[in-house]
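The values are calculated or read from the model by the stated rules, or taken from the named source; none is laboratory data. Fair warning: this is a prediction, and the values are worked out from it, not measured in the lab. For neighbour counting, all protein chains shown are included, and Cβ atoms are generated from backbone atoms with ideal geometry for every residue, glycine included. Note: areas computed on protein heavy atoms with side chains; ligands, DNA, RNA excluded. Shrake-Rupley method; radii C 1.70, N 1.55, O 1.52, S 1.80 Å.
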Amino acid sequence: MAKATIRDFLKKKEKKEKITMLTAYDYPIAKIISQTSLDGILVGDSLGMVVLGKENTLKVTMKEMLIHLDAVVKANPPQLVVADMPFLSYETSVKDGIRNAGILARHGADAVKLEGGEEMVDVIKGIIRAGIPVMGHIGLTPQRFLRIGGFRILGKREKEEEQLIRDAKALEEVGVFAIVIENTYADVAKKITESVSIPTICIGAGPYCDGQILVIHDLLGLSDFSPYFAKKYVDLKEIIRKAIEDYIIDVKESKFPSRENYKLKES
C-alpha cells in the first residue's frame with residue numbers, strides 16, 4: 001500500500017468513494033492499522049480524554065500531542081497521518097499557528113487539523129502558505145464547548161445551519177483539503193457536503209458525508225462512555241478483563257509460569 005496523500009482524499013470525493021479514518025494514539029494500534037486498508041489516521045486531541053483521563057480537550061498540551069504523534073509515526077503507517085492542533089496552539093496568533101503546525105509536521109504529521117470556520121481563515125492561510133496541508137473541523141468543536149454551551153448537536157436553528165455552510169465554504173476557499181463535520185443534524189451535513197468540492201468527513205453527522213471517522217476506543221469497546229453516534233464493533237474491555245482474571249487464577253494456582261515459560265540452567 002503506497003503512502004496516502006491529500007490528493008488521494010480529493011480523488012475519492014471525485015470518484016464518490018467513501019473515506020475511512022480512525023484515531024490512533026500509540027505505536028501498537030498504529031501498527032495494526034498500518035496493515036489495513038484504512039485511509040487516514042487522526043492523532044486527535046481526544047487522547048486527553050480517552051487515554052490520559054482528562055475532563056476535556058482544553059487540557060491537552062503540545063508536548064502531549066508530540067509524544068503520541070511520535071509513537072504513531074514510528075509505526076510507519078501508509079495511511080495519511082493528521083495531527084490535531086491542541087487548544088491555544090493556533091488561536092493566539094497566525095505566527096503561533098504556523099510555528100506549532102511546523103513542529104507537528106517535523107514530527108511526522110502529513111497534515112494538521114484545527115477547529116473553527118471563518119474566524120480561523122487567516123491562521124489556516126498562513127499554515128498552508130508554509131507548505132503544510134490543513135484539515136478543517138466545524139460543527140461541534142470540542143475545544144469551544146464552553147462557548148457553544150456544552151457538547152450538543154448543532155444546526156437546529158436556521159442561523160446555525162447558515163453559519164456552518166458559510167464556515168465550510170470559507171475553509172474550502174482558503175485551501176483546506178478536507179473538513180471534519182462533528183455532531184450536526186444529518187440533513188445539515190448533507191447540505192454542507194453538497195456545497196463544497198472538497199471531502200467532508202463525519203463524526204456524528206450522518207451518512208451523507210464523503211467519509212467517516214471514529215475514536216478507536218469507541219470502536220473497540222474500550223471507552224467508559226461512548227456517544228450515541230459511535231458503534232462498538234468488539235467488546236475489548238471485557239476480553240481484557242477476562243484475560244487478567246485468567247492470569248490471576250493461573251498465578252495463584254501455580255499454572256503460570258508453566259514449563260515452557262522459563263528456563264533451567266543445564267547441569
- Task: Can you confirm whether segment 213-234 contains a residue that is part of a helix (DSSP H, G or I) and in contact with a Gly (Cβ under 6 Å, 6 or more places away or on another chain)?
- Result: no
- Given (1) aliphatic (A, V, I, L, M); (2) over 23 Å from Leu219 (Cβ atoms); (3) surrounded by fewer than 22 Cβ atoms within 10 Å (Cβ to Cβ), index of the condition Ala75 fails: (2)
- Message: Residues to consider are Lys54, Lys18; find the one that is among the basic types (Lys, Arg) and either touching a residue at least 12 places away in the same chain (Cβ under 8 Å) or open to solvent by less than 10 Å² (accessible area, probe 1.4 Å) (or both).
- Response: Lys18
- Query: Taking segment 208-232 on its own, how many of its residues are closer than 17 Å to Asp39 by Cβ and free of Cβ contacts under 8 Å to residues at least 60 places away in the same chain?
  - Reply: 1
- Message: One residue is enough: does segment 152-168 have a residue meeting the conditions under 20 Å from the mean Cα position of the chain (by Cα), under 26 Å from Lys59 (Cα atoms) and open to solvent by 50 Å² or more (accessible area, probe 1.4 Å)?
- Response: yes
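For (1) at pLDDT below 95; (2) within 15 Å of the chain's Cα centre (by Cα), each residue gets a yes or a no:
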position: Leu171; (1), (2): no, no
position: Phe177; (1), (2): no, no
position: Val180; (1), (2): no, yes
position: Glu194; (1), (2): no, no
position: Ile198; (1), (2): no, no
position: Ile201; (1), (2): no, yes
position: Tyr208; (1), (2): no, no
position: Gly211; (1), (2): no, yes
position: Asp224; (1), (2): yes, no
- Pick out the one residue from Ala111, Ala105 that is surrounded by 15 or more Cβ atoms within 10 Å (Cβ to Cβ), in contact with a Phe, Trp or Tyr (Cβ under 8 Å, 6 or more places away or on another chain) and closer than 25 Å to Ala75 by Cα. Ala111
